[in-house]
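**Q** There's a structure below that I have some questions on.
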Amino acid sequence: MKLSVLVIACYLCTACANNDESLRKLPTGGPTGPTPSTPLMSWAELKKACASDCTVHLSPKFTMAGYNGAPMSISQKKVVIFGGNASLDAGSRGPFFSGTGANTSLELHNLVLKNGDLGQDKCGDCDSILCDTYAPAGCPPGDPPGSDQCVTCSAQGSVALGSGGSLLLVDTTISGSTGNAIYAENANVTIHGSTFEDIFPAPVAGSGAVVVANCWSEIYNTAFVRNNGAINIVLGNANIVDCTFDSNIAAGYPGAAVHIDKGYRYRQNPPQATVSFTGCTFTGNQNKTGSNDISNIDGFGLNTGANVTFHCPAGTTGPAVMMKGTELLNGTPAALRCNKVEYV
């Protein structure tokens with residue numbers, strides 16, 4: 001599987017799956033690094049300014065001058081980037097950022113990230129969600145590490161944060177990737193008012209525009225359009241509110257809009273994920289067997305045991321509805337009945 005535009009990779013633990021409140025804390029305040037007196041003009045200037053903790057602003061005329069296909073390291077840093085609608089185009093040469101560690105934090109505001117690419121990774125058929133953490137022991141039986149070199153897929157991606165790290169994405173568009181846009185493990189992920197479009201990772205388990213494994217994730221008012229899988233959730237907790245899923249496909253795997261899995265390591269007696277949908281719309285999402293918006297199914301075709309609920313949108317009221325079975329073909333269940341709130 002290819003991992004492209006944003007990746008948060010770190011060592012898995014049970015903190016997110018156990019609803020550890022420490023992982024829900026969003027980045028607050030600003031890093032103590034200096035803010036440049038004038039907006040940054042190039043990738044080379046951005047790397048220099050963020051050699052340590054930084055808060056920076058980019059010029060609308062920002063260029064990728066100085067970018068050689070290698071990601072900028074953000075390990076153990078607090079990095080805040082205000083893009084001013086600047087467009088960062090990797091030109092399919094490589095990723096944008098990478099990092100790991102509990103003190104790693106990244107905020108991206110009002111940016112456009114285009115054409116991230118990592119080339120062909122070497123995970124092969126190894127369970128791509130967990131192989132970077134557990135390889136070679138994490139490779140499924142019959143898929144020895146020597147055959148696919150899955151140990152080499154550690155911490156690949158355009159943005160990498162680690163072990164309890166955090167990502168805040170606001171008013172940002174990510175498009176044109178030939179791999180996952182965001183890949184996060186054991187992290188705190190918040191996405192607001194953003195767009196993911198034309199993201200095409202390899203059609204295998206663990207792919208999607210946004211992949212969150214064992215995380216606390218909050219995704220608000222965000223559009224997922226024409227992706228090869230929009231969101232892939234492995235364990236952890238996810239709250240998805242007022243999002244739109246339009247014309248996504250899942251070529252070769254269920255869940256064109258949202259796929260919920262539990263990962264190879266946890267296929268025996270797994271902890272349960274908790275996923276909540278509120279006010280989301282689903283249109284024209286398809287997989288290889290036809291219309292299939294949401295799947296709650298592991299690699300063996302079994303229900304993951306996740307708690308998946310649907311809630312009425314703001315301004316309406318009605319009881320929440322649990323997802324039944326392993327696949328939901330039309331997004332929001334018909335059983336969800338919402339009545340407009342009448343204010344006196």
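**Q** What number goes with the only condition from (1) β-branched (Val, Ile, Thr); (2) at pLDDT 85 or above; (3) crowded, with 16+ Cβ neighbours inside 10 Å that Val341 does not pass?
**A** (3)
**Q** Only one of (1) modelled with pLDDT of 50 or more; (2) surrounded by fewer than 24 Cβ atoms within 10 Å (Cβ to Cβ) is not met by Ala137, so which one is it?
**A** Tallying (1) modelled with pLDDT of 50 or more; (2) surrounded by fewer than 24 Cβ atoms within 10 Å (Cβ to Cβ), Ala137 fails exactly one: (1).
**Q** Would you call Gly101 in a loop (DSSP other than H, G, I, E, B), surrounded by fewer than 16 Cβ atoms within 10 Å (Cβ to Cβ), touching a residue at least 12 places away in the same chain (Cβ under 8 Å) and among the small types (Gly, Ala, Ser)? Give the derivation first.
**A** Working: in a loop (DSSP other than H, G, I, E, B): yes; surrounded by fewer than 16 Cβ atoms within 10 Å (Cβ to Cβ): no; touching a residue at least 12 places away in the same chain (Cβ under 8 Å): yes; among the small types (Gly, Ala, Ser): yes.
Answer is no for this residue.
**Q** Taking the stated definitions as given, is Ala250 of a type in the set (A, V, I, L, M), surrounded by 20 or more Cβ atoms within 10 Å (Cβ to Cβ) and modelled with pLDDT under 85?
**A** Working: of a type in the set (A, V, I, L, M): yes; surrounded by 20 or more Cβ atoms within 10 Å (Cβ to Cβ): yes; modelled with pLDDT under 85: yes.
Spelling it out, Ala250 is indeed of a type in the set (A, V, I, L, M), surrounded by 20 or more Cβ atoms within 10 Å (Cβ to Cβ) and modelled with pLDDT under 85.
**Q** Ok, one more. Farther than 23 Å from Ala184 by Cβ, in a strand (DSSP E or B), touching a strand residue (DSSP E or B) at 6+ places or on another chain (Cβ under 9 Å) and modelled with pLDDT of 90 or more - does that describe any residue in the range 41-48?
**A** The answer is yes; a qualifying residue exists.
**Q** Continuing with the same structure: Taking only the range 86-98 into account, find how many residues are surrounded by fewer than 24 Cβ atoms within 10 Å (Cβ to Cβ) and in contact with an Asp or Glu (Cβ under 9 Å, 6 or more places away or on another chain).
**A** Residues in the range 86-98 being surrounded by fewer than 24 Cβ atoms within 10 Å (Cβ to Cβ) and in contact with an Asp or Glu (Cβ under 9 Å, 6 or more places away or on another chain): 4 in total.
**Q** Select from the range 329-344 the residues that are of a type in the set (Val, Ile, Thr) and within 20 Å of Ser276 (Cβ to Cβ) and list them in ascending order. Write out each step before concluding.
**A** So in the range 329-344, the residues of a type in the set (Val, Ile, Thr) come out as 332, 341, 344.
If the condition is that a residue be of a type in the set (Val, Ile, Thr) and within 20 Å of Ser276 (Cβ to Cβ), then Thr332, Val341 are the ones that fit.
**Q** Taking the range 188-237 only, how many residues are part of a loop (DSSP other than H, G, I, E, B) and over 15 Å from Ser177 (Cα atoms)? Talk me through it step by step, then tell me what you get.
**A** Step one: filter the range 188-237 for residues part of a loop (DSSP other than H, G, I, E, B), giving 193-194, 198-209, 214-215, 221-222, 226-227, 229-230, 235-236.
Now restrict to residues that are over 15 Å from Ser177 (Cα atoms): 193-194, 204-206, 214-215, 221-222, 235-236.
Number of matching residues: 11.
**Q** What are the pairs with Cβ atoms under 8 angstrom where one residue, in the range 51-78, is farther than 21 Å from Thr38 by Cα and the other, located anywhere, is surrounded by 16 or more Cβ atoms within 10 Å (Cβ to Cβ) and acidic (Asp, Glu)? Sequence gap at least six, or different chains.
**A** Lys77/Asp53
**Q** Please enumerate the residues belonging to the range 53-111 that are of a type in the set (Lys, Arg) and over 18 Å from Gly165 (Cβ atoms). Please lay out each step first, then the result.
**A** As a first pass, look at the range 53-111 and keep what is of a type in the set (Lys, Arg): 61, 77-78, 93.
Scanning the range 53-111 gives Lys61, Arg93.
**Q** Does any residue in the range 322-344 that is within 19 Å of Gln286 (Cα to Cα) and assigned to a strand (DSSP E or B) come within less than 6 Å, Cβ to Cβ, of a residue that is hydroxyl-bearing (Ser, Thr, Tyr) and modelled with pLDDT of 85 or more six or more places away or on a different chain, and which pairs are these?
**A** Every condition considered, the pairs that remain are Glu327/Ser295.
**Q** Sticking with this one: Given the criteria within 18 Å of Thr190 (Cα to Cα), of a type in the set (Asp, Glu) and modelled with pLDDT of 85 or more, does Glu107 qualify? Talk me through it step by step, then tell me what you get.
**A** Values: within 18 Å of Thr190 (Cα to Cα): yes; of a type in the set (Asp, Glu): yes; modelled with pLDDT of 85 or more: yes.
Yes.
**Q** In addition: Within the range 193-220, how many residues turn out to be out of contact with any His (no Cβ under 6 Å at 6 or more places or on another chain) and either among the acidic types (Asp, Glu) or within 18 Å of Phe282 (Cα to Cα) (or both)?
**A** The number of residues fulfilling the criteria is 12.
**Q** I'd like the full set of residues that are in contact with an Asp or Glu (Cβ under 6 Å, 6 or more places away or on another chain) and assigned to a strand (DSSP E or B), limited to the range 293-321.
**A** Our first condition is that a residue be in contact with an Asp or Glu (Cβ under 6 Å, 6 or more places away or on another chain); within the range 293-321, this holds for 295, 298, 304.
Once the filter is applied, which keeps residues that are in contact with an Asp or Glu (Cβ under 6 Å, 6 or more places away or on another chain) and assigned to a strand (DSSP E or B), the range 293-321 yields only Ser295.
**Q** Scan the range 231-261 residue by residue and report those that are closer than 15 Å to Leu328 by Cα and among the small types (Gly, Ala, Ser).
**A** Ala250, Gly255, Ala256, Ala257
**Q** Another one. Of the residues that make up the range 330-338, is at least one at pLDDT below 80 and within 20 Å of Ala256 (Cβ to Cβ)?
**A** We begin by selecting, within the range 330-338, every residue at pLDDT below 80; these are 330-331.
After this cut, where a residue has to be within 20 Å of Ala256 (Cβ to Cβ) as well, the list is 330-331.
Taking every residue of the range 330-338 in turn, at least one turns out to be at pLDDT below 80 and within 20 Å of Ala256 (Cβ to Cβ).
**Q** What do you reckon, is Leu58 modelled with pLDDT of 95 or more, touching a Leu at 6+ places or on another chain (Cβ under 8 Å) and part of a helix (DSSP H, G or I)?
**A** Working: modelled with pLDDT of 95 or more: yes; touching a Leu at 6+ places or on another chain (Cβ under 8 Å): yes; part of a helix (DSSP H, G or I): no.
In short, no.
The values are calculated or read from the model by the stated rules, or taken from the named source; none is laboratory data. What you are looking at is a predicted structure, and each value in this text was computed from that prediction instead of being measured. Reconstructed Cβ throughout: ideal geometry from the backbone, glycine too, with neighbour counts over all protein chains shown.
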